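Here it is: the structure, laid out below.
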Amino acid sequence: MDETWDTIDRLHAWLVGASDRAPEEQLLLRMLKLSEEVGEVAQAVIGVTGHNPRKGTTHTWQDVESELCDVIVTAMVALRTLTPEAEGVFAAHLGRIADRSLDA
């Protein structure tokens, strides 16, 4: 198994072990967590551009990078929560995207 997906499996197991919620509720909350993380990307972009005049420049592009990584990890854990075959599901989906986009 790819080291990345091994880490995702370990994070998933850790989250399951730390939760007292039913599996269905854990799944829904993991999906909602994605919205929270995407919001943090938006906040960082607003902060790096100084778009909020009250706050000014509050973030760096490295902060945006970090928040984007959080989105990716959160999505991977959410996918793993949905299916133990997350690695294969992702690889197949990425292949379909590459086929329709790069071979066009």
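FYI, it's all coordinate maths here, none of it is from the lab. These figures come from a predicted structure and were not determined experimentally. All Cβ positions, glycine included, derive from the backbone under ideal geometry; neighbour counts span all protein chains shown.
Which FRET efficiency, nearest 0.05, do Asp6 and Thr58 yield, Cβ-Cβ r, R0 35 Å? Don't jump to the answer; show the numbers that get you there.
On the way: r = 35 Å, r/R0 = 1.01.
With a Förster radius of 35 Å, E is 0.50.
Using just the helices of the chain, give the 222 nm mean residue ellipticity in deg cm²/dmol: DSSP H runs with n ≥ 4 each add -39,500 (n - 2.57), and the total is spread over all residues, rounded to 500.
Details: 4 runs with 82 residues, N = 104.
Result for the chain, helices only: -27000 deg cm²/dmol.
What is segment 3-102's relative contact order, in percent, from Cα pairs under 8 angstrom and six or more apart in sequence? Don't jump to the answer; show the numbers that get you there.
On the way: 68 pairs, mean separation 30.5, N = 100.
RCO, segment 3-102: 30 percent.
Now, a different point. State the label only: which of [x] -0.47, -0.70; [y] -0.45, -0.64; [z] -0.36, -0.57 corresponds to log10 I(q)/I(0) by the Debye sum over Cα atoms at q = 0.11, 0.14 Å⁻¹ computed from the shown model?
[x]
What spacing in nm lies between the two simple spin-label points modelled at Val48 and Ala92, each 7 Å away from Cα in the Cβ direction?
3.5
Tell me, Glu85, Glu3, Glu40 in order of fewest to most beta-carbon neighbours within 10 Å? It would help to have the intermediate numbers written out before the result.
Details: Glu85 12, Glu3 7, Glu40 18.
Ascending number of Cβ neighbours within 10 Å: Glu3, Glu85, Glu40.
Something else about it: List the trypsin sites (Lys or Arg not before Pro) within segment 1-98 that DSSP assigns to loop and that have no more than 15 neighbouring Cβ atoms inside 10 Å. Walk me through the intermediate numbers first.
Numbers: sites: Arg10, Arg21, Arg30, Lys33, Arg54, Lys55, Arg80, Arg96; in loops: Arg21, Arg54, Lys55.
Taking segment 1-98 and a limit of 15 other Cβ atoms within 10 Å, the loop trypsin sites (Lys or Arg not before Pro) found are Arg21, Arg54, Lys55.
Which one of Ala75, Ala13, Ala91 has the biggest mean-square fluctuation once the chain is modelled by GNM with Cα springs under 10 Å?
With Cα springs under 10 Å in the chain, the top fluctuation among Ala75, Ala13, Ala91 is at Ala91.
On to the next question. With angles folded into 0 to 90 degrees, how steeply does helix 61-82 sit against the dominant principal axis of the chain? Use alpha carbons for both and round to 10.
It is inclined by approximately 20 degrees.
Specify the angular offset, from 0 to 90 degrees and rounded to the nearest 10, of the alpha carbon long axis of helix 86-102 from the longest principal axis of the alpha carbons in the chain.
Tilt of helix 86-102: around 60 degrees.
Farthest toward the dipole's positive end in the chain, which of His93, Leu68, Thr57, given Cβ charges of +1 (Lys, Arg) and -1 (Asp, Glu) about the Cα centre?
So the residue we want is Thr57.
If you average the alpha carbon positions of segment 58-104 and of segment 1-19, how far apart do those two centres end up, in angstrom?
Cα centroid of segment 58-104 versus Cα centroid of segment 1-19: 15 Å apart.
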